[in-house]
Amino acid sequence: MNIKKRPFLDSNQVDIATRTVRAYKHRFRYDILGKLLSYGRMSSGEIASYLDLGESYISEQLDILYSTGLVETDDGVFFTANESKLTRVKESVDSFFSDDTSF
């Protein structure tokens with residue numbers, strides 16, 4: 001094994017990908033994304049009432065999802081799921097396991 005070779009992955013891109021997948025896999029953020037995909041444009045208050053959670057907590061979770069690009073907002077009040085980004089994340093994760101599942 002040649003340990004002098006540098007990794008071919010950009011560490012900044014790996015960090016962004018890690019934060020994005022972590023944002024997605026969180027139990028309540030996953031539920032938030034599900035509501036946005038099902039119902040479309042929603043406010044944090046609407047999401048909070050569906051999930052029976054505090055609006056401030058939902059706002060915090062939406063901030064995390066927004067920072068990773070998994071949700072979008074025009075006005076900071078109403079949010080939508082970024083379906084194209086979610087599709088790319090799903091395809092990336094699927095491709096990670098498609099060639100070799102011997103992890």
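Values in this text are rule-based calculations from the coordinates and carry no lab data. Every value quoted in this text rests on a predicted model; they were computed, and no experiment measured them. Cβ sites come from the backbone with ideal geometry, for glycine too, and all protein chains shown count toward neighbours.
For the stretch 65-70, the Karplus equation 6.51 cos²θ - 1.76 cosθ + 1.60, evaluated at θ = phi - 60°, returns couplings of 4, 5, 5, 9, x, 7 Hz by residue, with Gly and Pro reported as x. Between the amide H of residue 79 and those of 42, 43, distances stay under 5 Å, these residues lying 5 or more places away or on another chain, with hydrogens modeled in the peptide plane.
Charge tally around residue 26: other residues with Cβ under 15 Å, Lys/Arg +1 each, Asp/Glu -1 each, net +3. Backbone phi angles across the stretch 80-90, fed through the Karplus curve with coefficients 6.51, -1.76 and 1.60 (θ = phi - 60°), yield HN-Hα couplings of 9, 6, 8, 4, 5, 5, 4, 5, 5, 4, 4 Hz in residue order; Gly and Pro are listed as x. Here the sum of -39500 (n - 2.57) over DSSP H runs of 4 or more residues, divided by the residues of the chain, equals -20000 deg cm²/dmol at 222 nm, to the nearest 500. Sequentially through the stretch 48-62, phi angles give Karplus couplings (6.51, -1.76, 1.60; θ = phi - 60°) of 4, 5, 5, 9, 6, 10, x, 5, 5, 5, 4, 4, 4, 5, 5 Hz, Gly and Pro residues having no value and appearing as x. Kirkwood radius for the chain, taken over all pairs of different Cα atoms as the inverse mean of 1/r, rounds to 15.1 Å. Projecting the Cα positions of 57, 78, 36 onto the charge dipole of the stretch 25-89 (unit charges on Cβ atoms of Lys, Arg, Asp and Glu, taken about the Cα centre) puts 36 furthest along the positive direction.
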